[in-house]
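What follows is a set of notes on a single structure, which appears directly below.
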Amino acid sequence: SDLFKRAWIVQELVLPSKVFLMCGKSMIDWDHFFEALKICEMELNSTSSLDLDQVKVLHHAGPTYALGLTRQRLKHEAKRYGLLNLLELFAHTQAKILQDKLFALLGIAFDSWKDEFTPDYDSTMEDVVRRYARAFISEGRVMDLLYRAGKKKSYGFCSWIPEWTRENFPQTISTWEATDGLFYAGRRTLSEAKTLTSSVLATRGFSVDVITSTAVIRMGTGNMLSFVDAMADFRRLIQCVSNYPTGETQDEVLLRLPIGNARGPHLESTIDRLRSYRDFANTAEAAETWPKNLADFVFSISLDRDASEYFNLPSETRKI
């Protein structure tokens with residue numbers, strides 16, 4: 001229902017102790033409705049192997065899942081999401097006044113107490129967004145802004161502020177499940193930063209090395225042919241590496257690099273697939289990790305492997 005996509009519906013549904021849905025003379029408790037929704041999708045996949053391509057979802061159920069899971073977290077665990085997480089989780093919401101996509105989430109965030117987050121309809125959208133960004137920076141969250149922003153992901157008036165109010169909020173590696181928790185490219189400490197002007201951000205870092213060359217990786221649309229091509233490119237790229245600085249062998253680097261060392265497959269196609277799949281996939285151990293033979297398959301792809309010829313071979317003769 002489009003009702004569940006409205007920005008102000010979020011806090012109205014998440015916060016109350018009891019919520020009822022009414023249609024004509026019919027009425028149902030929201031929590032019962034949400035449990036029924038999850039059961040329906042579990043039944044749809046009861047005979048599935050839970051391969052990503054075989055997962056069946058109820059179309060347009062994503063916004064309902066976002067609401068239901070956020071409400072469950074607050075009701076059963078007494079935990080709230082942070083504002084940055086909520087801006088991603090509810091990026092699909094719609095509002096006539098664009099600022100409402102920011103203001104409507106304040107009531108359910110645990111970190112929305114700063115004055116910069118106070119709803120203000122007299123200021124322009126740009127001013128509101130800049131205040132939000134300054135508040136996050138003052139909390140040491142500058143890296144959370146930077147890896148969400150960038151080319152085609154940020155507002156036109158500032159390249160380092162992610163476009164929180166777009167409906168198709170771009171997915172980032174921050175949403176993946178890393179083998180050892182969250183992804184970090186540096187030390188697990190808060191970064192220092194400050195705004196020099198309204199559009200200039202200054203932060204402190206370290207010069208690690210110099211990039212001497214780049215290479216093209218043939219990344220396709222997710223089919224197996226493009227996967228074989230990409231893996232051959234990765235192997236060619238790292239063939240000069242004998243041992244990685246942190247101790248991994250060349251084979252270990254080859255295995256971890258394309259998947260970002262993630263614990264298992266990541267879904268980022270649509271909010272329906274993302275929100276609904278995660279809930280019942282977490283009940284199956286096989287869905288949380290990569291296939292056991294993934295390493296054998298990756299290491300079987302050589303530099304001179306021709307993908308089309310490889311898949312023309314009988315399945316029993318392929319090395320997988």
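The values are calculated or read from the model by the stated rules, or taken from the named source; none is laboratory data. A quick note: this is a predicted structure, and the numbers were derived from the prediction, not measured. Protein only, heavy atoms only, side chains kept; ligands, DNA and RNA dropped before computing areas. Shrake-Rupley method; radii C 1.70, N 1.55, O 1.52, S 1.80 Å.
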* Structure fact -> For THR249, the accessible surface traced by a 1.4 Å probe with all protein chains present amounts, in square angstrom to the nearest 10, to 60
* To do: Using only the Cα atoms of the stretch 5-153, build the gyration tensor, take square roots of its eigenvalues as a ≥ b ≥ c, and label the shape rounded, prolate or oblate: rounded if a/c is under 1.5, else prolate if a/b is larger than b/c, else oblate.
  => prolate
* Asked: For the stretch 88-146, what mean projected area does the convex hull of the alpha carbons give, in nm²?
  -> 4.3
